[in-house]
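The values are calculated or read from the model by the stated rules, or taken from the named source; none is laboratory data. Predicted, not measured: the structure shown is a model, and the values here were computed from it. Here Cβ is always computed from backbone atoms with ideal geometry, including for glycine, and neighbour counts include all displayed protein chains.
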Amino acid sequence: MHVLIAIPAFDEEATLGSVLANLPRVLGGAHHTDVVVIDDGSTDRTVDVARELGVRVVSHRRNLGLGRAFNTAVGQALECRADVLVTIDADGQFDAQQIPDLIAPIVAGEADLVTGSRFLGGKRPAGMPRAKYWGNRFFSALMNWLLGERLRDVSCGFRAYSLEAILNLNLLGKHTYTQESIFDLVFKGLRVTEIPITVRYFQDRKSRVASNLIRYGLNALKIIIRTARDFMPLRFFGIFAGVVLAVGAALDLWLLIYWLRTGSFSPYKFVGFTGTALLVVGILVLGFALLADMLDRLRVNQERLLYQQRKVLFGQGRDTAGRKADARVQHEQA
């Protein structure tokens, strides 16, 4: 089994070295382990620190965002035919020694995405700002409602992805990827699970991604809304259409009852006009929902074609190489 550990980094010269030094030397079930630093346009010595430690670096010419950095990591995993992709932040918040625990459910064939959870213990981690904690709780509740899952932490970047997950991922978000990747894999029928992890919060450190919690929250919410729109268009637009139709019908029904009792629409004619307008808008949105659902079928077919193409280009070649590597290791052990 080939494991690729990808570390997205943007101006992390102060902490990257310690993260790299703390990476476990042996991973259970792994015959080969690679490490790559995804430099997202750093302006400090991040690249130099990685190279001085003999770690391969893939650089963006400018800062493109964590979502793009993750897409680069997925591309690297496909190119090197990795069986498992592990992502860990470069700021030292996560304990790299927990990587074996992270990949264990994948090695056992029990999951396709294993995400670290900072909240499985039921408490706010020490040092975590209250606003960030409750923001994470809100996004987790929102996504659980949309997906029918029971996840506690949908924003953690300490994760492991199986080959099947790597082949299926097709993300568009620039700012972040954590919520969108869960959407993508759950809707494609892949298994997502969580394991408890430890995390450290530094008093004098600001997150590169969530330095402005309001901006981060709005960007994450935008990604969730867009993903829900793309993956469940009938439900997304249908709920809005249903609410508008219900309000419009209620207004017109009230006016009809008023007319039956008084024989006049005055002075509430505006209620009838408003109700009728809402009914028209609701019908139009419902029609748009049906059209969007038809277009969603095209998206699903395109996703399947992309998956099959990746499987031919990367999956089958990896399977052959993986079998040869397994046979070689078994021969050496014998």
Taking only region 248-270 into account, find how many residues are assigned to a helix (DSSP H, G or I) and surrounded by fewer than 16 Cβ atoms within 10 Å (Cβ to Cβ). 12
Close pairs from region 81-99: first closer than 21 Å to ALA111 by Cα and in the same structural domain as LEU23 (by TED's automatic domain parsing), partner surrounded by fewer than 21 Cβ atoms within 10 Å (Cβ to Cβ) and aromatic (Phe, Trp, Tyr), Cβ under 7 Å, at least 6 apart: ARG81/PHE314
LEU4 fails exactly one of (1) crowded, with 23+ Cβ neighbours inside 10 Å; (2) more than 16 Å from ARG159 (Cα to Cα), namely (2)
Out of all the residues in region 57-67, which are in contact (Cβ under 8 Å) with a residue 60 or more places away in the chain and surrounded by fewer than 20 Cβ atoms within 10 Å (Cβ to Cβ)? LEU64
With the structure loaded, tell me whether ALA250 is under 30 Å from GLY173 (Cα atoms) and in contact with a helix residue (DSSP H, G or I) (Cβ under 8 Å, 6 or more places away or on another chain) or whether it fails that test. no
Name the residue, out of ASP39, ASP44, ASP11, that is part of a strand (DSSP E or B) and in contact with a helix residue (DSSP H, G or I) (Cβ under 9 Å, 6 or more places away or on another chain). ASP39
Which of the following residues is assigned to a loop (DSSP other than H, G, I, E, B) and in contact with a Gly (Cβ under 8 Å, 6 or more places away or on another chain): ARG150, ARG81, ARG124? ARG81
Regarding GLY275, is this residue surrounded by 14 or more Cβ atoms within 10 Å (Cβ to Cβ) and at pLDDT 90 or above? yes
Being under 15 Å from the mean Cα position of the chain (by Cα), part of a helix (DSSP H, G or I) and either among the basic types (Lys, Arg) or modelled with pLDDT of 95 or more (or both) is true for just one of ARG137, ARG68. Which residue is that? ARG68
Could you list, in sequence order, all residues of region 231-247 that are surrounded by 16 or more Cβ atoms within 10 Å (Cβ to Cβ) and closer than 16 Å to LEU142 by Cα? PHE231, MET232, PHE236
The condition from (1) closer than 21 Å to SER181 by Cα; (2) free of Cβ contacts under 8 Å to residues at least 40 places away in the same chain; (3) acidic (Asp, Glu) that ASP48 misses is numbered (1)
Those residues of region 1-42 which are more than 23 Å from the chain's Cα centre (by Cα), within 14 Å of ALA160 (Cα to Cα) and among the aliphatic types (A, V, I, L, M), in sequence order: MET1, LEU27, ALA30
Which number in (1) touching a helix residue (DSSP H, G or I) at 6+ places or on another chain (Cβ under 8 Å); (2) surrounded by fewer than 21 Cβ atoms within 10 Å (Cβ to Cβ); (3) among the hydrophobic types (A, V, I, L, M, F, W, C); (4) at pLDDT 90 or above marks the one condition that TRP145 misses? (1)
Only one of (1) at pLDDT 95 or above; (2) part of a strand (DSSP E or B) is not met by THR33, so which one is it? (1)
Within region 51-67, restricting to residues that are among the aliphatic types (A, V, I, L, M) and touching a helix residue (DSSP H, G or I) at 6+ places or on another chain (Cβ under 8 Å), the one that is farthest from ALA220 (Cα to Cα) is LEU53
